[in-house]
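What follows is a set of notes on a single structure, which appears directly below.
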Ligand code: BMA
């Protein structure tokens, strides 16, 4: 393996081999969906969710819309990354200032280890969607920081390490509704409170994502650049279609694109992706990568209803991005 992947060893990474006879660069778990819509009775749907390896097992922050259709984020744990136990009470954050705790809704979490703790970012309803940020050391106590931006913004995805001495994040400025536009931007912060040095990353310029794009999982660091898995939206005569694809971004200036694949990597094609509360959605929020094998397990929301998984290797996606770039 000539490509270097900066990640931890996850010997128990959930995995299933590529189906015999397939040459797909990414393949779905044969037992999808892994998390059903209602892991507890008051859940309406469980989807766009984030997981990490934790103490030899796995931990996650899950988007659950309850049966009042209140959107919130919940802690969950798993021994194998496949069978999850999700708390039926939303995450309760400790906040220094009571104003930080005010929110109308929370959804689409991302989760990752940076330096000395796990950070959670999510779409936080504070008079409109913005990026909420919190952290935990142990998944017992969660602390909430300032919202990163003014409304309206979604899909805030932190980098797993500082860049040029600053924390770094992709995000997607938006509107208050089901935004009919959206490009990805990059921002830096010295302290996780004040965000600036905003840079344009790329836009909704390809046919499969002609309406909007948004960062997906925490970028994966490789010797060839950051591997970014993102979602993109096409507006069809029947509504939005959410697919995912990948791009390779500059390591020191992650707003600069080295290569961006022209096709989608995975689009809604299975019944559980095409039928649900919001049809035709595949929405990646997390990947777990094993440094030893370069295997990736992708967790994605399907049809705003359940969580599904797909598998790939870092090397093959990087090669596919390079082979399929413009
Ligand atoms: C976006 C967000 C996502 C959702 C998607 C498709 O605006 O709400 O959580 O998956 O729409 O409904």
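The values are calculated or read from the model by the stated rules, or taken from the named source; none is laboratory data. This one's a predicted model, so the numbers in the text were calculated from it and none came from an experiment. For neighbour counting, all protein chains shown are included, and Cβ atoms are generated from backbone atoms with ideal geometry for every residue, glycine included.
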Could you grab me the full set of residues in segment 59-87 that are outside any strand (DSSP E or B), touching a strand residue (DSSP E or B) at 6+ places or on another chain (Cβ under 7 Å) and within 19 Å of residue 15 (Cβ to Cβ)? 79, 81, 84
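Quick one: which of 302, 292 is within 24 Å of residue 78 (Cα to Cα) and surrounded by fewer than 19 Cβ atoms within 10 Å (Cβ to Cβ)? First the steps, then the outcome.
Values: 302 fails: surrounded by fewer than 19 Cβ atoms within 10 Å (Cβ to Cβ).
After applying the criteria, what remains is 292.
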Selection over segment 32-58 where residues are without any contact (Cβ under 8 Å) to a residue 12 or more places away in the chain and within 19 Å of residue 13 (Cβ to Cβ) yields a count of 1
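Assigned to a strand (DSSP E or B), within 16 Å of the ligand (Cβ to nearest atom) and either at pLDDT 95 or above or closer than 24 Å to residue 135 by Cα (or both) - does that describe any residue in segment 12-33?
no
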Selected residue (criterion: farthest from the chain's Cα centre (by Cα)) from residues of segment 182-201 that are surrounded by fewer than 17 Cβ atoms within 10 Å (Cβ to Cβ) and within 17 Å of residue 123 (Cα to Cα): 193
Show me the strands (runs of 3 or more DSSP E) entirely contained within segment 203-280 in which 2 or more residues are under 17 Å from the mean Cα position of the chain (by Cα). 212-215, 220-222, 225-236, 239-249
If residue 107 satisfies all but one of (1) surrounded by fewer than 24 Cβ atoms within 10 Å (Cβ to Cβ); (2) within 16 Å of the ligand (Cβ to nearest atom); (3) under 14 Å from the mean Cα position of the chain (by Cα); (4) more than 17 Å from residue 65 (Cα to Cα), what's the number of the condition it fails? (4)
Residue list for segment 167-181, restricted to those being surrounded by fewer than 18 Cβ atoms within 10 Å (Cβ to Cβ) and away from the ligand (no atom under 16 Å from the Cβ): none
